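In what follows, a structure is listed as structure tokens, so that the remarks can point back to it.
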Amino acid sequence: MSRRSLTLFIASVSAAAAIAVSVLVSVPYVILGPGPTLNTLGKDSSGQPLISISGHPVYPASGHLNLVTVSYAGGPGTHLNIFTALAAWLNPDEAVVPESELFAPGSSQQQTQQQDTLQMSGSQQTATASALTELHIGYTTQVVVAQAKPGFPAYGVLKAGDVVTAVDGQPVTGATSLTGLIAAHPAGSTLTVTIIRNGQSRPVKVGTKESGGRPVMGVQIGAQFKFPFQVRISVGDIGGPSAGMMFALGIIDKLTTMNLTGGKFIAGTGEIEASGKVDAIGGIQQKMVGARQAGATIFLTPASNCSDTKGAVPAGLRLVKVSTLSQAVDYLQAIKAGKSVPSC
């Protein structure tokens, strides 16, 4: 074999090997794209209302208040090669992000999906709470122990699922109330904490110690709401917390005669707090694309996500910047009346 032929042979083998490696070796990235969009005023895949309310009058609502989602390809246990990633990177409707942005180190896709499902369930409860707060409909909030931290007085005394109802006889009405009742005593105190465990109320003794300059028992807590009527939300296997604001708007539209959409196709996104505060979410660019593809002309956008929309707003989609649920309601009413509202 001549020197020239040998060089060409080696180059060909090297190129083939490089291509094979590129095809067969996975890269630690995930491709994000527009996902399904569902009308919170409409029906689910089985023909049932996406939002069902019983025990309270409901009113007809028209138009669309669509939640939007992000689909993804890749992740732990899947094969995503460099060519697929490069093709997605060149697609303006998709994004390529490090796998670590979606999956915690060592977690599987199943574990992440379970976490997303829990977040979705929590967002539905918080959305109901925020909607009732906006409509001045009373409900109760219970403080629930998520976990007790090792090395702190509550560890081994309080358990996940315990409902904290009182401290030294003073009622606990929320997280702020619990913090205040603990802070009313110096670090090192022993408090009588009334809890509900397995349906039974009981007092337990819990000490405190100083952490971060204040007395603490050492528990992570969450909120559990008791509503005066039933609100059920059905979205199938969609997960995550980012549909909260749209759930809340759908609930408000069904509980009132406001007709928030005015018959328009409105979509949006935003994690919601019980107070009505709207928080930032991920994948805003893919969600805008999905909304426009579905037919939306107005997109409710968390104010803290506005900087992420620059240069990526699909033609024909008008962004409306919101920071709270009250703003979202007011701006939808203003749009219906033909008035101007803030945009990103």
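Data table
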{"read-out": "The one condition in (1) open to solvent by 20 Å² or more (accessible area, probe 1.4 Å); (2) touching a Pro at 6+ places or on another chain (Cβ under 9 Å); (3) not aromatic (Phe, Trp, Tyr) that SER340 fails to fulfil", "value": "(2)"}
{"read-out": "Residue list for region 225-244, filter: open to solvent by 30 Å² or more (accessible area, probe 1.4 Å), modelled with pLDDT of 90 or more and out of contact with any Leu (no Cβ under 9 Å at 6 or more places or on another chain)", "value": "LYS226, GLN230, ARG232"}
{"read-out": "Residue in region 279-291 that is over 21 Å from SER71 (Cα atoms) and at pLDDT 95 or above present", "value": "no"}
{"read-out": "For ALA166: the one exception among (1) outside any loop (DSSP other than H, G, I, E, B); (2) surrounded by 14 or more Cβ atoms within 10 Å (Cβ to Cβ); (3) at pLDDT below 95", "value": "(3)"}
{"read-out": "Residue match in region 189-202 (condition: surrounded by 14 or more Cβ atoms within 10 Å (Cβ to Cβ) and within 28 Å of the chain's Cα centre (by Cα))", "value": "no"}
{"read-out": "Among (1) open to solvent by less than 60 Å² (accessible area, probe 1.4 Å); (2) at pLDDT 85 or above; (3) over 25 Å from GLU99 (Cβ atoms), the one test that VAL70 misses", "value": "(3)"}
{"read-out": "Enumeration of residues in region 134-163 that are open to solvent by 40 Å² or more (accessible area, probe 1.4 Å) and in a strand (DSSP E or B)", "value": "THR140, THR141, ALA146, GLN147, TYR155"}
{"read-out": "Region 45-60, residues that are of a type in the set (A, V, I, L, M) and either open to solvent by less than 40 Å² (accessible area, probe 1.4 Å) or part of a strand (DSSP E or B) (or both)", "value": "LEU50, ILE51, ILE53"}
{"read-out": "Residues being part of a helix (DSSP H, G or I) and at pLDDT below 95 - total across region 309-344", "value": "1"}
{"read-out": "From the options GLY207, GLY188, GLY222, residue that is at pLDDT below 95 and of a type outside the set (Asp, Glu)", "value": "GLY222"}
{"read-out": "Number of the exception - GLY283 against (1) more than 25 Å from PRO49 (Cα to Cα); (2) among the small types (Gly, Ala, Ser); (3) open to solvent by 30 Å² or more (accessible area, probe 1.4 Å)", "value": "(3)"}
{"read-out": "Number of positions in region 169-185 that are open to solvent by 40 Å² or more (accessible area, probe 1.4 Å) and in contact with a helix residue (DSSP H, G or I) (Cβ under 9 Å, 6 or more places away or on another chain)", "value": "2"}
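The values are calculated or read from the model by the stated rules, or taken from the named source; none is laboratory data. Quantities reported herein were computed from a predicted structural model and do not represent experimental measurements. For neighbour counting, all protein chains shown are included, and Cβ atoms are generated from backbone atoms with ideal geometry for every residue, glycine included. The accessibility values were calculated without ligands, DNA or RNA, using every heavy atom of the protein model including side chains. Shrake-Rupley method; radii C 1.70, N 1.55, O 1.52, S 1.80 Å.
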